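The values are calculated or read from the model by the stated rules, or taken from the named source; none is laboratory data. Every value quoted in this text rests on a predicted model; they were computed, and no experiment measured them. Every residue, glycine as well, gets a Cβ built from its backbone with ideal geometry; the counts of neighbours run over all protein chains shown.
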Amino acid sequence: MRSAWLYVPLTLAAIAIQAIVYSFSRSPATMFAGGLIVSSLASALVYASTRADVAGSGGGDIWTRALERGWAVIVISFVQSIVIDSGMGGIIEGAIGSRILGVVLLLLGLTLIFADIDAVVNDEEPWWLLVPLAFSNSIRAAWSGRTMLRVIGLFVAQLVIQQAGYLAIAPLLQKLHVADAEFWATMPVNALLLAPFGILTVLVYFDAIGYESKRTCGG
């Protein structure tokens, strides 16, 4: 990836900005909103740069595209996080009815996993249709071929790494009596995973929609 140089400062900036937000307000709502906005804008840059790399373009519009469509990524990421978190919560809760509903919600959330990517990489959508068409395109791509199996694999891999990072870092921070150890044990790990898993998800999406073959044919 020619844009690899972007990801190290992007990751450091995401960690620093969320730390600054934390220093001003430690309320759960503020930290959630700050993390959502920062990660969404950072993801938009990852998606735009990956698109430029795959398309073989100069990448001059990476920042413009990411900033112009960042609002859509924020909206979509909010919906995704609510659906997936609700699904995970239902599965963990224990009651059979909650578990069944949780599985349904989790699958719905994974079906929408490409929506924020589509909002950034799609050249054909007018701005007022970015969000609804992104959801529609994501649903269609997620259930094409074996794409959903790949999506589940990426989701599980990311979840395992996140949990492993938390279990390794949180006890140490708690021993050091660090305030909000859970936040500091999860936020940096999530920021580090943002770029690699964002790139992989874009590539899976492009494979699902035949993006490379369309470009080869002059699309």
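Collect the residues in the range 106-129 that are over 17 Å from the mean Cα position of the chain (by Cα) and aliphatic (A, V, I, L, M), keeping them in residue-number order.
Within the range 106-129, just 129 meets the criteria.
Which one of 205, 166 is buried (at least 16 other Cβ atoms within 10 Å of the Cβ), within 26 Å of residue 71 (Cα to Cα) and of a type outside the set (A, V, I, L, M)?
Unique residue meeting the criteria: 205.
For the range 32-84, give me the residue count where each residue is among the aromatic types (Phe, Trp, Tyr) and surrounded by 20 or more Cβ atoms within 10 Å (Cβ to Cβ).
Here the count works out to 1.
What do you reckon, is residue 198 within 26 Å of residue 10 (Cα to Cα), at pLDDT 95 or above and more than 13 Å from the chain's Cα centre (by Cα)?
Judged against the criteria, residue 198 is not a match.
I need the full set of residues from the range 9-28 which are among the hydrophobic types (A, V, I, L, M, F, W, C), at pLDDT 90 or above and either within 30 Å of residue 54 (Cβ to Cβ) or surrounded by fewer than 12 Cβ atoms within 10 Å (Cβ to Cβ) (or both), in order please.
Answer for the range 9-28, where residues must be among the hydrophobic types (A, V, I, L, M, F, W, C), at pLDDT 90 or above and either within 30 Å of residue 54 (Cβ to Cβ) or surrounded by fewer than 12 Cβ atoms within 10 Å (Cβ to Cβ) (or both): 10, 12, 13, 14, 15, 16, 17, 20.
Give the range 108-126 a look and list any residue that's in contact (Cβ under 8 Å) with a residue 12 or more places away in the chain and either more than 22 Å from residue 42 (Cβ to Cβ) or exposed (fewer than 14 other Cβ atoms within 10 Å of the Cβ) (or both), or say none.
Correct list: 108, 111.
Test residue 88 against the criterion of being closer than 29 Å to residue 104 by Cα, in contact with a Leu (Cβ under 7 Å, 6 or more places away or on another chain), at pLDDT below 95 and assigned to a helix (DSSP H, G or I), and give yes or no.
Yes, satisfied.
Return the only residue of 141, 179, 185 being over 12 Å from the mean Cα position of the chain (by Cα), outside any helix (DSSP H, G or I) and either crowded, with 19+ Cβ neighbours inside 10 Å or modelled with pLDDT under 95 (or both).
Sole residue among the options that is over 12 Å from the mean Cα position of the chain (by Cα), outside any helix (DSSP H, G or I) and either crowded, with 19+ Cβ neighbours inside 10 Å or modelled with pLDDT under 95 (or both): 179.
Inspect the range 85-93 for any residue being under 15 Å from the mean Cα position of the chain (by Cα) and not charged (D, E, K, R) and give the result as yes or no.
No, that holds for no residue.
Being farther than 23 Å from residue 67 by Cβ and among the polar types (S, T, N, Q) is the filter here, so list the residues in the range 109-158 that pass it.
Result: 111, 136, 144, 147, 158.
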